[in-house]
Structure formats: C-alpha cells, structure tokens
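Everything below concerns the one structure shown next.
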Amino acid sequence: MLSLYSTDDQLPTYSGYKSYRTATSGRLSSHWGLPASSTLQDSRTNANAALVFEYCYRFINICKSYFGKIDEEAVKNNFVVIYELIDEINDFGYPQNSEIDTLKSYITTESIVSSSIAAEESSKITSQATGATSWRRADVKYKKNEAFVDVIETVNLSMSAKGNLLRADVDGHIQMRAYLSGTPECKFGLNDKLVIDKNEKGISDAVELDDCRFHQCVRLNDFDATRTISFIPPDGEFELMRYRSTSNVKLPLRIIPSVTEVGTTQVQYTITVKTNFNNKLSATNIVLRIPTPLNTTTAECKVATGKAKYVPAENVIVWKIARLQGGQECSLTASAALTITTTRQVWARPPIEVDFQVLMFTASGLIVRFLKVFEKSNYNSVKWVRYLTKAEGSYQIRF
Amino acid sequence: MSIRAPRKGENYELSVDLNSEYREKRKDAIKRTIASMTVGKDVSGLFPDVLKNMQTDDLEQKKLVYLYLMNYAKTQPELVILAVNTFVKDTDDPNPLVRALAIRTMGCLRAEKIIDYLCDPLQKCLRDENPYVRKTAALCVAKLYDLKPELVIDNGFLEQLHEMIADSNPMVVANTVAALTDIHIAATSQPGTSSSDPGVFVITTSILNKLLIALNECSEWGRVAILNALARYVAQDEKESEHICERVVPQFQHVNGSVVLAAVKVIMIHMRGVRREELTKQLVRKMAPPLVTLLSSPPEVQWVALRNINLLLQKRPDVLSNEMRVFFCKYNDPLYVKVEKLDIMVRLASENNVDALLSELKEYSSEVDVDFVRKSIKAIGQTAIKIESAAERCVNVLLDLISTRVSYVVQEAVVVMKDIFRKYPSTYEGIIPVLCSNLDELDEPEAKASLIWIIGEYANTIDNADELLGIFVDSFTEEAYPVQLQTLTAVVKLFLKKPDSSQGIVQKVLNTATKDCDSPDVRDRAYIYWRLLSMDPAAAKAVVLAHRPPISIPRTTVAPALLEELLGEVGSLASVYHKPAETFIGKGRVGADSVRKGGELSEDQFSTQKALQTVVAGQQAENLLDFDDGPGLEGQPSGLAATEVLSNTPAAANLLAGTSSNPLDDLVSIFGGGGSGGLSLAPSTFGGGGFGMPITPAPVTPASGYPASKPNVQSPPQQQDDLLGLF
C-alpha cells in the first residue's frame, strides 16, 4: 500500500491506513499478496491507482456503516466481521460487491446457520449480489411507501483580501432514503437548465449544473441521451447523485473582515457577519475561526451575539453563533497582544474559516421538481424533500 | 512444527477449548485463535485442532477455519491435505454461499499439493447454476494460473472462460474478463513470448459487443475491468472507434472516480481512430466536467486525478482551458495536492487568466510552508516565460516578494529572475540594483550562482560589478562548486567587457581556481579560460559571450511517444508516476529482447518502443557514466549519444530552463529509489548537469565547443563520482 507512491519527496499518506492494516495484517501476504492484488501490496504490476484509493475509501465507508466508526478499538472488537467483509468485497485483489445494503443481508454480526431453509435464502442473496440490480432485493414490502430526498450542498468559497471572489462553487449531493415496496421505477426531475431549456421555455429559475455523477442504479445511457434521471432505487439510504455548480452561487453568509496590525505588538480585528437570505430562514451552528499571529499571548474578544474565545493551541479565535436569522448581522471586535520576537517573519495571514448550516436553502438554487414512482401494484407513495446548505472548512475568507 | 505444545500456556488452553464438546466454546476458541494469528503470534501448532472444526453448519465458524487454513497452508502443506475432503464436499453444498466460499478458499491455499484436487470442483463450479458461484470460480482460474499455468491449459479452463464472456450475468462477465486479463498479462510478460504471439485474451469484434452490453449492467468495479479490456481492443475502422466512444461516454457520469478515469482512458485511446473533428471536440468537451468533479474527492483520489489531468493537458491543452479557478489551492489542501495544482495552473495560464493566477500565486508566496512558497515563486517565473505580455506583471510581483525580505522568498525570487533574464535579455535591467542590494541575504548556492550570473551578464551596465564579484572571489574557496563555476565565468565576462578595470580580479580568480580549488570541473574551466584569454581574446569573446538559445517552457514533460503510451494507462501507477510501467516494476524488459521485438513492430509502435528504451536506459546510467580515464573523450560521445533522444525533444529546453524535470533527476529517482536521490542532485543540475557540460546559465557553448586538444581535461569529473556514489 505504502509503496504505491512515487519516491518523490512529497508522499501522500493514506489516512485510514493504520486501522486498515490492523484489520488485515497477517493476511496481506497469504490472501492478497498475489499478482493481481497489487491493490494492496507492492507495485509489482502497474496497479490501478485510482481504483485502489476508491476501494480503500469504500472499505472505510462500509466499516463505518457496520460499526459506526473506524478506529483501533472498533477494529479489535469486530475483527471477525472485518475478515468476513474483506473476504466478500475483495477476491484475488479484484473488488467484488461493495454495496452496503446487500452486504448487510448476508454478513451480519449474528452468525448464520447453514440449513436447508437458509440455502433458499442464500440463493436469493447470491442472485441479488450478482444480478443486474445488485443493490436491491426483490421482495421488499412496506406498509407505508415513503421516499425522503435530502439535497445537501457544501459551499466552497475563497474570497481575496480585497473582497473579490476567487472561487465559489457548490458540491451538492442528493441523499435518498427509499422505503418503497416491490421494484419501483423512479423518475427524478430537477430545475436543471439543460432539461428545462429543452422542455419548457420561459422558466427563469433554472440552475446550471456543471457536472452530475450518479449512483450505479441510475441508467447512465438514458441520462446521456435525454437527461432524464431514471432508476430502481436500493432499499434504504443511498447517495443518488452528486453534482457541481459554479454559476450564480448564492453565498449565504457574508464576512467583512477588517484586521489591522498596530505596530508589532498588537493586532485588531473587527469582523462582521451578515446573512444573505430570506428572513424566514436562519443559519445555525456558525463557527468562525479567525487566525491570530503565532506569537500571540492573549486576545480580548467582544461579541454581541454568540461566544468567542481565543484558542492558543490552534492560534485562532473561535467565534460560535448558535443561530442567526436571515437579513441580520452581528460583529466581533477583538485585539490580540503579541510578544516581541527576534525573527522578522511576516505573518502569513491564513484565511478565516467559516462553518455553518442553513436549512431549506440551496446555494446553487437547485430545486427538486418531481419524484415519480411507478410500481406494478400502483401504490401511492409519499415523498419528502429537504434542503441543507453547509460549509465545513472550505468557506475561506482571506484578509 | 507439529510437535505438541507443552501442556500449559495460551496455545494449550486454546487446544483444549478447540476440542471441547460444547459448540459455543469451540467457536469462541477459534475466534481467539484467529485473534492471536492476526496479531502475529504463531498458532500453527493448533492446525489439527482447528481442522476438526471445519465441518460445521455455522457459516461464520467455517469462514474462520478457512481463514486459518489460508494463513498456514503454505507452511503446513501436508496437513492441508486432510482438509481437502471437506473442501470438495463443500463445493457440492446446497447453499451457494458455501459452494462459493469453498472454491474461493481452495484457490487461495497456494499449496502445490492441494492444487491437483482443485481441478474437478473448479470444473463443476464454472458450470454452476448460481451466478455467485460462477463469478467466484472465474477468478479461481486466474489464481490457479498464477500457481500452475499448465493445469489451466490442460483442463481447458481458458476455453471455458472464453465461453463465459457470453454469460447472462454481468458480474460473471466482469470477473471473467478480469481473470482473462490477468492471465493474459501473466502469459505475455513471460520471457520468450514474442509480440507476434497474440496472447491468451484477444478481444474480437464479437467479444467487444458482449463487453459493451455488460458494461452498463455490472457493478462499478466490474465496469473498471471491462473498460480496461476495451482499452486493449484495436478498432477495425473509424466507425467502430466512434461506436466505442459513444457507448463509453455515459460512464463519465459514474460516481466512482476509478470508473471515470477508466472511461477517460478508453476514450483517449479510441479517439485516435476518430477523424470527425466535431465528434472529437464533443468528446473532449464532455471529458472536462467529470475531471473537475474529481477534485472534490478525498485528497488521495484528487492527487491521482491531478497527475492524470497533467498528462491529459499535455496532449490536449484545450480540455480545461476555462477551468483554471478550480485548481486554486485551498489553504488546507495537503502539500502534494497543492504542488500538482500549481503545475496545472501554469499549464492553463493564458493571457485571459494571468492576472487571477498572479494574485493567487502571490498569495501562496506568503504561506508558511517553505516548499510550497518556493514552488509558487517558481510558478511565477514559469508564467513570465510562458506569457510574454505578462512578464512585466510577473516581475513586479517578484519585486514585491523580494521586498518582504524573507530569506527563502528572496533567494527563490532571485533564481527565478535569472530565468526571466535569460528569456528576455536586457529588458528588466532596471531591477538589477534591487537584486544586488539583497546580496547579503543569499546563503544558498543556487541563489548565489544565479545572482552572480546576472552580474556577469550585465557587467557593463553595473558600475560596481567588480566590487560585487570581488566579494565572491575573496570567499572563492569556501563557496559551493556551482557558485565557484559561476564566479569564474562572471569574472571572465566582466574582464571581456571591461578589460581595463578588472585585470587584477580576473588574474586572482584564475589563480585561485587553478591552484586552490579541489573540483576538477572548476579547475578545468579555469584552465580553458586562461588559455583562451592568453592565446586569443577574440576567440574568448566568441566563446564566453556567445549568443545563447532562448529558453521556453516545454509543453510536455515526457517524450511524445511516451505520452501516448501513458495516456493509454490513465488511472494506473504508470500515469501517476509519469513513467512507463517497465521502469518501476523492475522486470527490465530492455536489451536484446526488445530490440529484436522492435524489428517486428510497425513504425508507430516502434517510436513508442524507442521512447521506452530511452527512459529505461536510465536504469543503465551506470554504464553511461562509467567510462574510464583512458578513452575518456572517445567514451563521452557515446555516453551523450545515449541521451540524445531525450535532448532532441522539448525536454532539452526543460534542461536549459533548469527545471526539475532534468532527465538526470529521473535517472536518479529511478535508481536511488528515494527522494534523497533527486534532492542531492539538485546542485549538480546547475553547474554541470552531470556531464561537466554547462547547461544552465553557463557561458560556454555546448561540449563540442571545448577545444579538443586540451591536454588537461580529465573526463570523469568529480561530480560524476558524486552521481555514481548515489547509485
């Protein structure tokens, strides 16, 4: 795994590697250390690097879904299941079925007894694991047929010190929880510009999506030809699509920083946060991380809303605001006292990072226009849609 | 090994529990055994006890016992024979999961003795009614081939696999394709197979159609296997190429990045056969958004994507021409991602976006990480060289950076300025005083050498040039060799330009260099200058002040033929390293064998082969450098000739620009196998490039310009010794 990297001076290190190795040690050589399994061993062949990384992340996701987290303790407590999982999702270095839903149907934390009844059950499992719709069992039944759609958008922003937008884009993903009986055929519609331009003219709120990527259940050929998103959903929760949008991004929060260095002993901050959306909505869990110079001794902060304190270990002032309604603004004034240093290294001024969440708001303006469910038995289904825009570490404002 | 353990201790307890009459207790004991095995304890002594628990209805327990067997089968092959019966019986189990488990495990046992028992059950499982068993059996054939190829051929498994490509189940098809590909690679990489041998897995038109159908139905990993197979197909005509492209393009929308990259690979390969301009354009346009989306993946995947984007841009610079902003570095990106992004940004730089790029690069130059800051400043220099109209803006940014007076920023900026002076001679003389005022800041050889070169070059416009150079002449023996070389040259230039005022200094430096210097390189150069100056000052002028070819940023970092080869490997390690697979797998497929092969190849393939050889020849760098004293000068041309192929390509320009893609760097990193190799070579890229041939801002025209009659020229200079020391 490690030798996968080039011998250049900067090596990417794989974050999950440690736990991964714990999970598989003793096994690397005997089971996977075969030619095709360059996946996990050395580069004796021209391994598919993209696949290796995708696979590793998938494995971590599967483990998370099984044990809730993946760390040393979880690996120790669940090594039997981990062995079973690895056995199932990887054979001779070739990734096999990695659909969590299917795996859970036959790799469980309780033991399965192989009896004649189980044999019938297993042939169902096997045909599902290999079938054209490997992600869905055929015999799903629900009393109430429901589908939940969560549109979650992550806003990436970098703004220059002069207030120019360097980059503003949205990474969206649509998470779906389908509790639908039988083998439902779904059609999904967005206010995507390409679709709307083609079908109905005159609607102006269309959103331009730069790129979409779909769960394997979506028929890519249909999408390529007619831009319709049609699929048979897996049972339960899954990520239906990811998309990216770069045009007309509505920034939910505006940050107006004013930072002045007074001589060499003090830095003064005035930071204003403005919300930039309908006043019926509100932003929650706002956290601003405002960098201070490395030689800061203390920092005094004054805020009207929320709480702010200086965290010396990370060299930042953390300002937390639990809730801020649309159309409002609040500000922080602070001053950081510096010790005198001998080096005349200029302060690099890392950007201010803002984390937040805004419910029922999409920065891209994306709206789910319809979700149609067709099934043989023709039942009625209830659909719920929820929108969330958030930022985690990638909403950066330079000053 | 099989001596019973003493009647105490952990293993003894386990052994008692494994033989317990209670089911639960036995199962628990197996778990504990596996746990000990996992942490590396030797539990091989329990083999017979564990084996007794193999026949069970409990699937989980069975799996654990199988796991134990896989681990110890190699060391205890005699004992594994005892398990064969149970395995064979399990392949008849009514439960398909058990059947598949048994055949999968048998393939993993890797013990010669057990293989003979594998064939019959495998035969059966390949025809199993359950697709899950079939797909497992298909891979088992590949495992068997790895261990004993004859058995696979004798039992007709290959033919069976070929039939299975038409299987109704997409997953079976995918695994069959994966197994066949694996066998094909193993078979063709055997020594003694010539390229005229079609190999085990030839993709015909009928197979192609089956693959295209299965592609849309199978799992994501299966798609990668099928796409890899499609990449190997040789299209019959243009229509077929178009057809493949059209069928593969929808895969760009897949959520799995490795599927996207595999699809890009297939398109890049089959696009060569597409002649319709409009379709090519459309394909390239569709390729851009998915590539950009890969940048929102986790950092490792991003890095793989970035390395591949870098390659794609060398072939098709227009793919992402409007997307530079997405490559702007985030503050919290890991360094390896940032560095790749920088490189791509420079590639995408054009007159339209250069302002945004410059302000961004300036921002990076104030970050904390020294390496990144230096690379950002380098990028500013490259931008200036690439876009003439923006050069002045770049110089202004560099001046701003120099005024920060942060040591490493200033030094890097000086190095970069030298390149700008080379590209645009006599354009920015105005800033020379600023550079000179930072003389005291410089402590790195490269920065010093750069400044000295600038002073020497513009000696006639700098009033106190002799004074400035005097500082370096005084400390001559303490300086690094590259600095000594530059000082020497700069002083000679000064003398040629202002003969009246600098007689003394040139005398002094030549004296010091020939008497007190322990580098043969420096000494030799001093002798040459000395003789030139004393024999024929006009000739000295012609040599030392010769016109140098302008430098430019190379459009590609690898030879064109190699680029084509790498684009056929998108997503793989080769594409990530930007090196052909042969160089890091270490089979050493060069030499007589490949030369013989070359004769049989078509012209197109031949050029690829040649490029490959050139790079692989790097592995034989020892031989190139290892010419001995006697026939030194005769030996040299052959040594240089070997690198000829590279120096004819744009890479030569690269060499001149002094960027890191000096082929020698590659040589060293191939060889040294460590970053340290590349790093410690850095100084030598400056002065000598390893052959004692001045490459960067050195004044003497190439090696041929050396007076051949020089008696004192010692051909293996010390620097080469240093190089050899690395190997």
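Values computed for the structure shown
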{"item": "Above-threshold pairs, the threshold being 29 Å between Cα atoms, out of B:LYS448/B:LYS498; A:LYS274/A:LYS372; A:LYS104/A:LYS187; A:LYS124/A:LYS144", "result": "A:LYS274/A:LYS372"}
{"item": "Tensor-based shape of the range B:124-203 (alpha-carbon gyration tensor, a/c under 1.5 rounded, otherwise prolate or oblate)", "result": "prolate"}
{"item": "Using θ = phi - 60° and Karplus 6.51 cos²θ - 1.76 cosθ + 1.60, couplings along the range A:142-156 (whole Hz; Gly, Pro as x)", "result": "10, 5, 10, 8, 9, 9, 10, 10, 10, 9, 10, 10, 10, 8, 9"}
{"item": "Burial order of peptide ranges A:72-80, B:241-249, B:503-511 (average beta-carbon count within 10 Å, highest first)", "result": "B:241-249, B:503-511, A:72-80"}
{"item": "Separation of the B:SER321 and A:LYS143 label points, Cα + 7 Å toward Cβ, nm", "result": "6.3"}
{"item": "Shielding of A:88-100 by partner chains, average beta-carbon count, 10 Å", "result": "6"}
{"item": "Three-way shape label, the range B:171-284, alpha-carbon gyration tensor, a/c 1.5", "result": "oblate"}
{"item": "A:LEU240 long-range amide H proximity, modeled H, under 5 Å", "result": "A:ILE174, A:GLN175, A:MET176"}
{"item": "Extension reserve of the A:GLU237-A:ASN279 stretch, reckoned as 0.36 nm per residue once the Cα distance is removed", "result": "11.9 nm"}
{"item": "Gyration tensor (alpha-carbon) shape descriptor, the range B:195-246, a/c threshold 1.5", "result": "oblate"}
{"item": "GluC sites (Glu not before Pro) restricted to the range B:288-386 and DSSP loop, no more than 10 other C-beta within 10 Å", "result": "B:GLU351"}
{"item": "A:GLU208-B:LYS124 FRET efficiency (beta carbon distance; Förster radius 41 Å; 0.05 resolution)", "result": "0.15"}
{"item": "Residues A:MET360, B:MET271 arranged by fewest to most Cβ contacts within 10 Å", "result": "A:MET360, B:MET271"}
{"item": "A:ASN378-A:LYS307 FRET efficiency (beta carbon distance; Förster radius 41 Å; 0.05 resolution)", "result": "0.15"}
{"item": "Loop trypsin sites (Lys or Arg not before Pro), the range B:51-133, which have at most 15 other Cβ atoms in a 10 Å radius of their Cβ (DSSP)", "result": "B:LYS74, B:ARG127"}
{"item": "Förster radius 45 Å - calculated FRET efficiency between A:THR226 and A:VAL287 (Cβ-Cβ, nearest 0.05)", "result": "0.55"}
{"item": "Average beta carbon contacts from partner chains per residue of B:219-231, 10 Å cutoff", "result": "4"}
{"item": "Projected label distance in nm at B:ALA538 and B:ASN19, using a 7 Å step from Cα toward the beta-carbon", "result": "10.5"}
{"item": "Table column - 3J(HN,Hα) (Hz), the range B:246-257, Karplus curve with 6.51, -1.76, 1.60, x for Gly and Pro", "result": "5, 6, 8, 3, x, 5, 4, 8, 6, 6, 8, x"}
{"item": "Residues whose placed amide H lies under 5 Å from that of A:VAL316, excluding near-sequence neighbours", "result": "A:THR292, A:VAL311"}
{"item": "Residue-by-residue Karplus 3J(HN,Hα) for the range B:230-243, coefficients 6.51, -1.76, 1.60, Hz, glycine and proline x", "result": "4, 5, 7, 5, 9, 5, 6, 8, 4, 4, 5, 4, 4, 4"}
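Coordinate-derived values only; no laboratory data. Here the structure is a predicted model, which is why all the values come from computation and not from measurement. Ideal geometry is used to build each Cβ from the backbone, glycine not excepted, and the neighbour counts take in all protein chains shown.
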